[in-house]
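Report on the following structure.
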Amino acid sequence: MIFLRRLVQLLVLLIQSGWWGVTASPTDEGALRAGHGEHGEPGHQEPHKDSYSTFASEFLESRYLSDDGYPFPTAPPVDPFAKIKVSDCGVTKGCIRYGKPGCDAETCDYFLSYRRIGTDVEYEMSADTDGWVAVGFSSDKKMGGDDVMGCVHDDNGRVRIHHFYNVGQWAKEIKRNPARDEEGIFENNRVTCRFKRPLYVPREETLVDLHLSWYYLFAWGPAIQGSITRHDIDNPPVSDRMISIYKYEDLFMPSTAYQTFNSPLCLLLIVALTFYLLMGTP
C-alpha cells in the first residue's frame, strides 16, 4: 500500500509539473488566450516570422546595398541604338561609304552596311541629313521601277522605316512593308537606322529577292512632316557594280568634290598649270 501511495504521489507530481505535456504552461496559456477568446473565438495573433524569411530579407537587403549602406543606383538605361561598327566592314558585313576618304558611319555623306542573319538581311544606313536616307535596288542603275527602303525622320523626332517604289523620278510609298526589328535615331544632324528584311519574298513587282545581285541606289534629303522630298543632289550615287549580299566588301565611293580632284585629267591639268606658273611665260 505504501508503495502504491508513493507511486500515485509521484504521478501527481509529474502531471502537475507538465512533464507529460498535459498541463499547459503559463506561456502556452497566454498564447491560447491571445489566439482565442474566452469562448473559443479567434482573437489577435502576433505575426510570425520564420528563420528562412528573416534570412532571405536580410540577404536581399545586403545584396542591394553598397559598402556604405546606401542602395545601389538603378541599372543605366540600355542604349536605344547601338552605334554602327565600321570595324566589321569587309569582315562580317558589307559596307559602302560615300564621301570623304576615310569616313565612317558618322562622318560619311552616306553610309550603308548589309549582312545576312539567318533568312534575313540586316541593313544599316546613315546620312548627313535631317530628313531621310534610303537605298534602292535596281537592275539598270537608273531610277524607275525600283524597290526602295527608306528611313524617315518625322516631326516628333522619331525615325521610321518606310517601303517605297520608284515610279520614274517619284517615290510612291507602299503599304506592304517588309521591314522588321526597326531601329532609328536622329542625332548630330544625321539620320541613322537599322532594320531587317526577308531574304526571300513572294514574287511581286514592288519587292525584289535579295538573294539576287542588284545595283544599289543611294539617296538622302529633307522631309516635311514625315514625308520625303527631292534628294539633296541632282545625281545620287549608284554602286559601280551589282552588289551581292553573299560577298562582304568594304567599298568606298568619293563624293563629287573628291572625285574632281582625284580624276587623272584633273591631276594632269594641275601639274601642267603648276609647271606653267613656275616656268613663266616666254
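The values are calculated or read from the model by the stated rules, or taken from the named source; none is laboratory data. A quick note: this is a predicted structure, and the numbers were derived from the prediction, not measured. Quick reminder, even Gly has a Cβ in these numbers, built from the backbone with ideal geometry, and neighbours come from all protein chains shown. Quick note on the areas: whole protein, heavy atoms, side chains included, nothing else; ligands and nucleic acids left out. Shrake-Rupley method; radii C 1.70, N 1.55, O 1.52, S 1.80 Å.
Worth pointing out:
- Segment 131-145, subset more than 17 Å from residue 177 (Cα to Cα), out of contact with any Pro (no Cβ under 7 Å at 6 or more places or on another chain) and assigned to a loop (DSSP other than H, G, I, E, B), residue least open to solvent (accessible area, probe 1.4 Å): 144
- Looking across segment 146-185 at every residue that is in contact with a Lys or Arg (Cβ under 6 Å, 6 or more places away or on another chain) and of a type in the set (A, V, I, L, M, F, W, C), the one that is surrounded by the fewest Cβ atoms within 10 Å (Cβ to Cβ) is identified as 179.
- Condition check for residue 119: modelled with pLDDT under 95, open to solvent by 30 Å² or more (accessible area, probe 1.4 Å), closer than 20 Å to residue 243 by Cα and under 21 Å from the mean Cα position of the chain (by Cα): yes
- Matching option when the condition is surrounded by fewer than 21 Cβ atoms within 10 Å (Cβ to Cβ) and under 19 Å from the mean Cα position of the chain (by Cα), among 82, 127: 82
- Residues that are touching a Lys or Arg at 6+ places or on another chain (Cβ under 9 Å), at pLDDT 90 or above and open to solvent by 20 Å² or more (accessible area, probe 1.4 Å) were ranked within segment 193-216; the one that is farthest from residue 162 (Cα to Cα) is 213.
- Residues of segment 167-186 that turn out to be assigned to a strand (DSSP E or B) and either in contact (Cβ under 8 Å) with a residue 24 or more places away in the chain or touching a strand residue (DSSP E or B) at 6+ places or on another chain (Cβ under 9 Å) (or both), as a count: 10
- Hey, residue 243 of a type in the set (A, V, I, L, M), surrounded by 15 or more Cβ atoms within 10 Å (Cβ to Cβ) and at pLDDT 95 or above or not: yes
- Of all residues in segment 85-111, those that are touching a Lys or Arg at 6+ places or on another chain (Cβ under 8 Å) and within 19 Å of residue 181 (Cα to Cα) total 1.
- Every residue from segment 85-130 that is of a type in the set (Ser, Thr, Tyr) and either part of a strand (DSSP E or B) or touching a residue at least 60 places away in the same chain (Cβ under 8 Å) (or both): 92, 98, 110, 113, 114, 119, 123, 126, 129
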